[in-house]
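*Asks:* Sharing a structure below in structure tokens format, with a few things to ask.
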Protein chains: 2
Amino acid sequence: MENLFPEAIKKIGAVVGDDHILTRTNDREAHSRDTSMWHRVCAAVVYPGTAAEVARIVKIAAEYKIPIWTYSKGKNWGYGATMGYRDGALILILERMNRIIEVNEELAYAVIEPGVTQKQLDDYLKANNIKLWADCTDSTTEGSVIGNALERGFGYTPYWDHFGHLCGLEVVLANGEFVRTGGGAENSLTWHTHKWGSGPYIEGLFSQSNFGIVTKAGIWLLPEPESFNSFTCEIKDERDLPAVIDTIRRLALDDVLESNVHMINDVMFMAQMIQYPYDLLDGKTYLSEDTRAALRKKLKIRPWTVTGGIYGTRSQVRACRHIVKSGLSGYGRLSFLDDRMFGVMKALLKFWKKHQNNSLLSSVLRWATGGSLEKLEVIPHIYPIFKGTPGEFIVGFAYFKSRGPRPRTNVDPARDGAGLIWLAVISPLTGRHTGELEKICKPIFYKHGFDWSCTFVMVSPRSAVGLIEIFYEKANADEASRAQALYNELAEKTVAAGFQQYRTSIAFGDRILNGAPEFQRLMNTMKASIDPDNIIAPGRYGIGLPEQQV
Amino acid sequence: MENLFPEAIKKIGAVVGDDHILTRTNDREAHSRDTSMWHRVCAAVVYPGTAAEVARIVKIAAEYKIPIWTYSKGKNWGYGATMGYRDGALILILERMNRIIEVNEELAYAVIEPGVTQKQLDDYLKANNIKLWADCTDSTTEGSVIGNALERGFGYTPYWDHFGHLCGLEVVLANGEFVRTGGGAENSLTWHTHKWGSGPYIEGLFSQSNFGIVTKAGIWLLPEPESFNSFTCEIKDERDLPAVIDTIRRLALDDVLESNVHMINDVMFMAQMIQYPYDLLDGKTYLSEDTRAALRKKLKIRPWTVTGGIYGTRSQVRACRHIVKSGLSGYGRLSFLDDRMFGVMKALLKFWKKHQNNSLLSSVLRWATGGSLEKLEVIPHIYPIFKGTPGEFIVGFAYFKSRGPRPRTNVDPARDGAGLIWLAVISPLTGRHTGELEKICKPIFYKHGFDWSCTFVMVSPRSAVGLIEIFYEKANADEASRAQALYNELAEKTVAAGFQQYRTSIAFGDRILNGAPEFQRLMNTMKASIDPDNIIAPGRYGIGLPEQQV
């Protein structure tokens, strides 16, 4: 097989044009970069320009039995970026397929290709004065809308559930055939408006898996609401977090909170404000409780910060705001922000930055605003995300432990050698369960010499994702090896305690179904029936690997 | 094979007990009854008591290559009830598997078996003083919660989408193996709280299809809201319906209307109030425009009646009510009902019924309420459904054209020979599209000599189901044959115009995927891989049949 590879590459080059296939060591190496320490070197990188080209490539790959791994843009930093599970894969990057095919204002959806980025879609809507918002993540502006949705990523608006808001997919199968989901004919009027279609609903098969390559998708857009408020509650006492989470569940179940709520701990918040205070380590590899407390005081932050959005008509927002207030204000400072206050805040921030060397003025402003300059500086970057406008500031937290500077533009932590790994697990949305998760993870962080960093994101009235961030100094071999050990122990212990992975990395993907051998067997059987040579991303999310018995 | 059948039946009898298998002609005939004119006679009817028994039966069926058709309760009247697509099937009815396994109040879900009925679940919640509502349909109290959800049925509350509110299924496959959806281990804490699970989401495969037999499911329940209002808008001029539909779309997209909205035409409303006025036919087989108008006047109804619910906190309901008012009140009489007013109404109704022979009093009441006694009588039966309490009055409309009396209890239109067929198609939620659908269907009704009866149900801010009711006199051979011809022409013409079927009958199921040969091929390949002998419901929703080229 090995010696047939150049022949296959030649054929693929004939499909996409030689400019769109990379085989040189440097280029292959550049596609083996992530903020994690995992490293898989691909055999070539291909950039098809159309869905028809994708279909032809898949057929060639099947002919030569070369596994292909598809990424829309490949910005899933901390999970493995554009790497396959094994060396030697053919990496397909769909970024050239970036047409916005349709925006239907009346029915509030878009039809796009996988290369369309968050920024591109947002820019398009704004440039055409279309009063619809595309929910976006707080990660890079250059991430793919479809890629993120298929990985089941989330944003901040009521349309936070990106997979849940896809409707109507075009998929290339391993045999090169095209399939439209939904069971309708080509003239179907509701391919992008009715989720379940006629007959079985199969779109879920193409998320977190390897059953096909999505080349086009409908995505529902949020009509610009009449009114919007973000809210922030700064939890004074970390022992209150379980009670706060229970309150949030009740508000969500009662449909007061319709968008998701992010709860970040102090370390995660610090990572958004500053770079790592190595000078405060005092000989250890992570910050002591006292140092952390002192830093919180300096930055004017609390052990946990809870933030969410309220969307609706003016009267709805007013009603919800009132209920949120009575639910959360007992746990710490609660503040709301709307467009008007946001304008005031930006002006204040500009003034403060200009006069930041005036210590008296700074003191007065710290007192008056209840915040630090560093904290206030984050807000102008997070507020637009609540309204569907992506930015690249927030994801700069990935540079937390980098010794080099954190860029404000052209942010690319993988390229810049920043160290971050994600472990994302699902918990029932109760304080009891999230508390238990914290109790499992925190000691493992300290055991391996790391700062405990965590975000809980409400992803339905019944579930939260525990987004566990491992910040490490990538250039430091000891840290990298400890980070790897920490990841492995966390992954094992959380799964053993019943916390399923919400989304997984290339380092755990082939083990993710270990606890569900019947599920894996069913997936393998179906996979073998439509991809008998196991060409598309073999082993991804455990599919196309022999199942394990538990 | 034929002669091996008794042997198979004997083996199955040994599994379930001879009391739970029916093979006599009468019993088989009783399971070939529907309100439609379709008739498929099964080979036997089996009532397994446990999921393990289901698994053993499936294995025996595979051994003898006998197709099995599973129904939870089989009350899908007008679509085919408990019939297979062909004669000679083994019918499995899961009604004995009726355990309510768990109700989790904190996380608002239940775990139930397929035999659990709408009434049983509602009774259980009420008896245990659990402040959660199970959304129910307006059909029989004896319908299965899971069966309806897998067919993608709907109710009235914000949890109207029954399939969308399933979470965590246990399924028996054709090889007799059990599979839990969600990709988690048995100790997973979030099987019933996190919809997508880890890895691919596969629950959609088991709805409107034949990939397995669901033997257990989690279902999300609605926490009793602080406040509830139903609203009714009586559309004066039928030409306004498109504008009303556009208004409803905007209210739904703006998240003012979160539950679905039902829009019924005059004939459908009459069917809920009275039995067919054969005496007004005037030699025709359907009512003339003038007669219909006169009937509307007599019954005090309008060409279209729009109804929906508003759920939330007191302040939310107040805010929404105000917005609904300004959106809809221009189109006709708009009224709201809450628990207090509902109590008043019931008392008034009781008084009126007692004095219905007093014509002066009746006139005053007609004037004061803006309604007829017949119309008011419907309300006490519909209002509880908005709050998750099923009843059997409404489905009595199926007796509209029956010559015999319409029962008020123990309603079973299939048993009683009532004539009703459903054709349910999906339309984009725009007045333009629903108008086009009406324009296609109405003349076909008249051509075949039937009254045009239609309900539009908003099933998302972007789609409506056009529920087209064919009421016919079943005992009348001419009507039955015209009804069949009407159904066929409607099914063909609507699909040809791009209106996919939302849910289908045994008469169209094997054609439903005709327009999507690639989709059907993919489904067939997967089906063959996990059910190589095509044992489970072969051909259901077009799966397990050779695909057609269009």
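*Asks:* Residue by residue through the range A:41-59, note down the ones that are open to solvent by less than 20 Å² (accessible area, probe 1.4 Å) and in a helix (DSSP H, G or I).
*Replies:* Those that are open to solvent by less than 20 Å² (accessible area, probe 1.4 Å) and in a helix (DSSP H, G or I): A:Ala51, A:Val54, A:Ala55, A:Ile57, A:Val58.
*Asks:* What number of residues within the range A:220-230 are away from chain B (no Cβ under 12 Å) and either surrounded by 24 or more Cβ atoms within 10 Å (Cβ to Cβ) or of a type in the set (A, V, I, L, M) (or both)?
*Replies:* Counting residues in the range A:220-230 that are away from chain B (no Cβ under 12 Å) and either surrounded by 24 or more Cβ atoms within 10 Å (Cβ to Cβ) or of a type in the set (A, V, I, L, M) (or both) gives 0.
Okay, residues lined up against (1) within 24 Å of the chain's Cα centre (by Cα); (2) farther than 24 Å from A:Ala252 by Cβ; (3) among the polar types (S, T, N, Q):
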position	(1), (2), (3)
A:Gly143	yes, yes, no
A:Ala149	yes, no, no
A:Phe163	yes, no, no
A:Leu166	yes, no, no
A:Asn187	no, yes, yes
A:Tyr201	no, yes, no
A:Gly204	yes, no, no
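*Asks:* Checking B:Thr307 against (1) at pLDDT below 95; (2) within 20 Å of B:Gly153 (Cα to Cα); (3) open to solvent by 20 Å² or more (accessible area, probe 1.4 Å), which test does it fail?
*Replies:* (1)
*Asks:* Being open to solvent by less than 10 Å² (accessible area, probe 1.4 Å) and either closer than 14 Å to B:Tyr156 by Cα or part of a loop (DSSP other than H, G, I, E, B) (or both) is the filter here; which residues of the range B:257-267 pass it?
*Replies:* Those that are open to solvent by less than 10 Å² (accessible area, probe 1.4 Å) and either closer than 14 Å to B:Tyr156 by Cα or part of a loop (DSSP other than H, G, I, E, B) (or both): B:Leu257, B:Ser259, B:Asn260, B:Val261, B:Met263.
*Asks:* Just give me the residues in the range A:113-154 being without any contact (Cβ under 8 Å) to a residue 60 or more places away in the chain, surrounded by fewer than 21 Cβ atoms within 10 Å (Cβ to Cβ) and closer than 23 Å to A:Thr215 by Cβ, in sequence order.
*Replies:* Hits for the range A:113-154 are A:Gln120, A:Asp123, A:Tyr124.
*Asks:* From the list A:Ala368, A:Ala319, pick out the single residue that is within 14 Å of chain B (Cβ to nearest Cβ), without any contact (Cβ under 8 Å) to a residue 24 or more places away in the chain and more than 25 Å from A:Glu438 (Cβ to Cβ).
*Replies:* A:Ala319
*Asks:* Here's a check for you: in the range A:510-525, which residue that is buried (at least 24 other Cβ atoms within 10 Å of the Cβ) and within 30 Å of A:Thr455 (Cα to Cα) is farthest from the other protein chains (Cβ to nearest Cβ)?
*Replies:* Across the range A:510-525, the extreme among qualifying residues is A:Gln520.
Conditions (1) in contact with a helix residue (DSSP H, G or I) (Cβ under 6 Å, 6 or more places away or on another chain); (2) open to solvent by 30 Å² or more (accessible area, probe 1.4 Å); (3) of a type in the set (A, V, I, L, M), marked per residue:
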position: A:Arg302; (1), (2), (3): no, yes, no
position: A:Val317; (1), (2), (3): no, no, yes
position: A:Cys320; (1), (2), (3): no, no, no
position: A:Ser329; (1), (2), (3): no, yes, no
position: A:Leu334; (1), (2), (3): yes, yes, yes
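*Asks:* Which number in (1) closer than 28 Å to A:Gly539 by Cβ; (2) in contact with a Lys or Arg (Cβ under 7 Å, 6 or more places away or on another chain) marks the one condition that A:Trp133 misses?
*Replies:* Only one criterion in (1) closer than 28 Å to A:Gly539 by Cβ; (2) in contact with a Lys or Arg (Cβ under 7 Å, 6 or more places away or on another chain) is unmet by A:Trp133, namely (1).
*Asks:* May I pose another question? Let me confirm something: among B:Met83, B:Met97, which residue is under 19 Å from the mean Cα position of the chain (by Cα), part of a loop (DSSP other than H, G, I, E, B) and of a type in the set (A, V, I, L, M)?
*Replies:* Among B:Met83, B:Met97, only B:Met83 is under 19 Å from the mean Cα position of the chain (by Cα), part of a loop (DSSP other than H, G, I, E, B) and of a type in the set (A, V, I, L, M).
*Asks:* Something else: For the range A:492-508, how many residues are facing chain B (nearest Cβ under 9 Å) and assigned to a helix (DSSP H, G or I)?
*Replies:* Count: 2.
*Asks:* Right, another one. Would you pick out the residues in the range A:491-509 that are surrounded by fewer than 22 Cβ atoms within 10 Å (Cβ to Cβ) and of a type in the set (A, V, I, L, M)?
*Replies:* Scanning the range A:491-509 gives A:Ala491, A:Ala496, A:Ala497, A:Ala507.
*Asks:* Only one of these conditions is not met by A:Val550: (1) under 28 Å from A:Arg33 (Cβ atoms); (2) facing another protein chain (nearest Cβ under 10 Å); (3) modelled with pLDDT under 95. Which number is it?
*Replies:* (1)
*Asks:* Let me ask something additional. With the structure loaded, tell me whether B:Ile100 is over 24 Å from B:Ala480 (Cα atoms) and open to solvent by 30 Å² or more (accessible area, probe 1.4 Å) or whether it fails that test.
*Replies:* Taking the combined requirement at face value, the residue satisfies it.
*Asks:* Additional query: Given the criterion at pLDDT below 95 and either within 16 Å of the chain's Cα centre (by Cα) or under 25 Å from A:Leu280 (Cα atoms) (or both), identify the matching residue among A:Ile421, A:Ile394.
*Replies:* A:Ile394
*Asks:* Which count do you get for residues in the range A:171-187 that are surrounded by fewer than 24 Cβ atoms within 10 Å (Cβ to Cβ), at the interface with chain B (Cβ under 8 Å from one of its Cβ atoms) and not charged (D, E, K, R)?
*Replies:* Counting residues in the range A:171-187 that are surrounded by fewer than 24 Cβ atoms within 10 Å (Cβ to Cβ), at the interface with chain B (Cβ under 8 Å from one of its Cβ atoms) and not charged (D, E, K, R) gives 5.
*Asks:* Continuing with this model, one more query. Among the numbered conditions (1) farther than 30 Å from B:Arg432 by Cα; (2) acidic (Asp, Glu); (3) modelled with pLDDT under 95, tell me where B:Asp255 comes up short.
*Replies:* Here B:Asp255 meets the rest and fails (1).
*Asks:* Can you say whether B:Val41 is under 13 Å from B:Ala537 (Cα atoms) and of a type in the set (Val, Ile, Thr), as far as the supplied structure shows?
*Replies:* Considered against the rule, which asks whether it is under 13 Å from B:Ala537 (Cα atoms) and of a type in the set (Val, Ile, Thr), B:Val41 comes out as no.
*Asks:* Output the qualifying pairs, or none if there are none: Cβ atoms under 8 angstrom, residues six or more apart or on different chains, first residue in the range A:23-35 and in a loop (DSSP other than H, G, I, E, B), second residue open to solvent by 70 Å² or more (accessible area, probe 1.4 Å) and among the basic types (Lys, Arg).
*Replies:* Correct list of pairs: A:Arg33/A:Arg415.
*Asks:* Could you go through the range A:60-78 and let me know if any residue there is outside the structural domain of A:Glu151 (by TED's automatic domain parsing), of a type in the set (Gly, Ala, Ser), open to solvent by 20 Å² or more (accessible area, probe 1.4 Å) and more than 18 Å from the chain's Cα centre (by Cα).
*Replies:* yes
*Asks:* Kindly indicate which of B:Asn265, B:Asn260, B:Asn229 is at pLDDT below 95 and in contact with a Phe, Trp or Tyr (Cβ under 6 Å, 6 or more places away or on another chain).
*Replies:* B:Asn260
*Asks:* While we're here: Select from the range A:401-432 the residues that are buried (at least 23 other Cβ atoms within 10 Å of the Cβ) and without any contact (Cβ under 8 Å) to a residue 12 or more places away in the chain and list them in ascending order.
*Replies:* None - no residue of the range A:401-432 is buried (at least 23 other Cβ atoms within 10 Å of the Cβ) and without any contact (Cβ under 8 Å) to a residue 12 or more places away in the chain, so the list stays empty.
*Asks:* Could you tell me which of the residues B:Pro200, B:Pro242, B:Pro158 is more than 10 Å from chain A (Cβ to nearest Cβ) and either modelled with pLDDT of 95 or more or touching a strand residue (DSSP E or B) at 6+ places or on another chain (Cβ under 6 Å) (or both)?
*Replies:* B:Pro242
*Asks:* Just a yes or no: is a residue in the range A:457-469 closer than 15 Å to A:Ala497 by Cβ and among the basic types (Lys, Arg)?
*Replies:* no
*Asks:* From the list A:Ile385, A:Ile379, exactly one residue is within 27 Å of A:Leu467 (Cβ to Cβ) and open to solvent by less than 30 Å² (accessible area, probe 1.4 Å). Which is it?
*Replies:* Answer to the check: A:Ile385.
The values are calculated or read from the model by the stated rules, or taken from the named source; none is laboratory data. The structure displayed is predicted, hence computed values, not measured ones. With ideal geometry, Cβ positions are generated from the backbone for all residues, glycine too; neighbour counts draw on all protein chains shown. Only protein heavy atoms, including side chains, enter the accessible area calculation; ligands, DNA and RNA are left aside. Shrake-Rupley method; radii C 1.70, N 1.55, O 1.52, S 1.80 Å.
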